[in-house]
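The values are calculated or read from the model by the stated rules, or taken from the named source; none is laboratory data. Computed from a predicted structure; not experimentally measured. Virtual Cβ from ideal backbone geometry, glycine too; neighbours counted across all protein chains shown. The protein model used for the area step is the full one, side chains on, heavy atoms only, and it has no ligands, DNA or RNA in it. Shrake-Rupley method; radii C 1.70, N 1.55, O 1.52, S 1.80 Å.
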Amino acid sequence: MKYDFLSENSLQNIDFLELKPEKPYLFFVPKSTIGSANYDKGFKVDEIFSNNNVGFVTAIDGFNISMSINESKSKINDILNLDENAWRLKYNRPKDAQSWQYKWAKTDAEKHKDFDFQVVNYRPFDNRWTLYTGNSGGLYARPSLQIMKQFLKGNNIGLALCKQFKTGDNYYHAFISNRIFESSYVSNRTSEITSTFPLYLYPATTGQQIIDQATERTPNLNTEIVKQIAEKLGLTYTNEKETTKDTFAPIDILDYIYAVLHSPTYREKYKDFLKIDFPRVPYPKDKDTFWQLVKLGGEIRQIHLFESPTVEKYITKYPVDGDNKVSKIKFIPYIYTNEVPDENGNFNYPDYLGSVYINENQYFADVPTSAWEFYIGGYQPAQKWLKDRKGRKLEFEDILHYQKIIVALTETDRLMKEIDKIWVE
């Protein structure tokens, strides 16, 4: 094709497209700048949150990440007690990588075998276990200690965002975390590595003290941007949430940002800009709009962290007994025999239901299609959570957990529509 084109054309008759690269990105491909004036008026997420970094990198998830604490303990016992060749065979690790070596990991495990095992946010709605020492070039290749320790030393919460996105044409790449998390938390594409923006920073400590609880903390926020928000809204900023009238706190700022990032209109309008850098968020329009968005963003946050009682109001069923082993996963939508078309002859239903089969006989009933197909980052959690458990038996708690996922995804979809009724740039 290239040779044919060259033989049939010359520099004089090729219809070139003239590019006009603009700072700061200077793209050498056509890019739309429609809406950039309004978008650039907002504050950047990586500017309002003073400190951020990517999630940890284990370099060997199959060994370092486990479904249960007992499984994690068993893996540490293996590296401590198995012969090296036997260990390499068991964990399919014939060679070391530049960033991870067997002897480094074993030494790290020997020094920290009495450490507390940690729950980690591995994928959306998928918490797992690990022995996290915080040592670079040990069990982990890159533990990202300076930021991860902010989740180990006390209660904290943080945005989990990708600097770029290339999965599809739509922006789904915003989530939340209250624990240390893996760098592929929101997406497993190299170009979409997950960064975290903790809400608070704890005082520096050394050694094993990183696991201890600390009481002092300071907001991880740019005071100049916070000041502008406070002045615009006529509110008083406080470092911790108070019930005092006309005050707002760091959690309110985070919830406002979380709401905006879940606005379908915002995602669609600015998707070309969201593909290339961390998001810019518009300054709140007024006090009433701010508080409405804070409320909705807070609801989504609590649902995503399973802190809301809403997730226990199950909308699905698990009606058939069996061995609960996940094998062949499929979604079968219901066929409605009593559907009535509208005046144009179309069948318009807000959401179809179906069954999610985990094997030939057992299934979750009444699963909304919107939940089954819902994206968070590069994943469809309702599908991925089950796929990651192929060959495993679902325990009672697992069955309840999956039903919570379906509620969380369904409610997120509903609340996103509510945000669009309020969010006005």
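Residues to consider are ILE69, ILE76; find the one that is crowded, with 17+ Cβ neighbours inside 10 Å and β-branched (Val, Ile, Thr). Lay out the reasoning, then the answer.
Values: ILE69 fails: crowded, with 17+ Cβ neighbours inside 10 Å.
One residue alone meets the criteria, ILE76.
Restricting the search to the range 224-241, which residues are part of a helix (DSSP H, G or I) and open to solvent by 100 Å² or more (accessible area, probe 1.4 Å)?
Of the range 224-241, the ones part of a helix (DSSP H, G or I) are 224-233.
The answer is GLU224, LYS227, GLU231, LYS232.
Within the range 14-22, is there a residue that is part of a loop (DSSP other than H, G, I, E, B) and within 30 Å of VAL260 (Cα to Cα)? Break it down stepwise before answering.
To start, the set of residues in the range 14-22 that are part of a loop (DSSP other than H, G, I, E, B) comprises 14-22.
If we keep only those that are within 30 Å of VAL260 (Cα to Cα) too, we end up with 21-22.
Yes, the range 14-22 has at least one match.
Identify, from the list ASP114, ASP126, the residue that is free of Cβ contacts under 8 Å to residues at least 60 places away in the same chain, of a type in the set (Asp, Glu) and farther than 22 Å from PRO203 by Cβ.
On the way: ASP126 fails: free of Cβ contacts under 8 Å to residues at least 60 places away in the same chain.
The conditions single out ASP114.
Condition first: at pLDDT 95 or above, out of contact with any Phe, Trp or Tyr (no Cβ under 9 Å at 6 or more places or on another chain) and either over 29 Å from CYS162 (Cα atoms) or part of a strand (DSSP E or B) (or both). Can you find one or more residues in the range 97-106 that meet it?
Yes: one or more hits.
Determine whether the range 53-61 contains at least one residue that is more than 29 Å from LYS390 (Cα to Cα) and either modelled with pLDDT of 95 or more or open to solvent by 50 Å² or more (accessible area, probe 1.4 Å) (or both).
Yes, there is a match, as at least one residue in the range 53-61 is more than 29 Å from LYS390 (Cα to Cα) and either modelled with pLDDT of 95 or more or open to solvent by 50 Å² or more (accessible area, probe 1.4 Å) (or both).
Checking the conditions here, which among ASN38, ASN51 is within 30 Å of TYR256 (Cβ to Cβ), in a loop (DSSP other than H, G, I, E, B) and not small (Gly, Ala, Ser)? Don't jump to the end; show me each part of the working.
Working: ASN38 fails: in a loop (DSSP other than H, G, I, E, B).
Checking each option against the conditions leaves just ASN51.
Report yes if LYS111 is part of a helix (DSSP H, G or I), open to solvent by 60 Å² or more (accessible area, probe 1.4 Å) and not hydrophobic (A, V, I, L, M, F, W, C), otherwise no. Working first, answer last.
Working: part of a helix (DSSP H, G or I): yes; open to solvent by 60 Å² or more (accessible area, probe 1.4 Å): yes; not hydrophobic (A, V, I, L, M, F, W, C): yes.
Against the criterion (part of a helix (DSSP H, G or I), open to solvent by 60 Å² or more (accessible area, probe 1.4 Å) and not hydrophobic (A, V, I, L, M, F, W, C)), LYS111 qualifies.
Kindly list the number of the only condition in (1) open to solvent by 80 Å² or more (accessible area, probe 1.4 Å); (2) in contact (Cβ under 8 Å) with a residue 24 or more places away in the chain; (3) of a type in the set (Phe, Trp, Tyr) that fails for PHE5.
(2)
Scanning for something of a type outside the set (A, V, I, L, M, F, W, C) and closer than 30 Å to LEU221 by Cα, does the range 24-31 turn up at least one residue? Before you say what the answer is, go through the steps one by one.
Initially, the range 24-31 is screened for residues of a type outside the set (A, V, I, L, M, F, W, C), giving 24-25, 30-31.
After this cut, where a residue has to be closer than 30 Å to LEU221 by Cα as well, the list is 24-25.
Yes - at least one qualifying residue is present in the range 24-31.
Can you name the condition, by its number, that LEU26 falls short on among (1) open to solvent by less than 90 Å² (accessible area, probe 1.4 Å); (2) assigned to a helix (DSSP H, G or I)?
(2)
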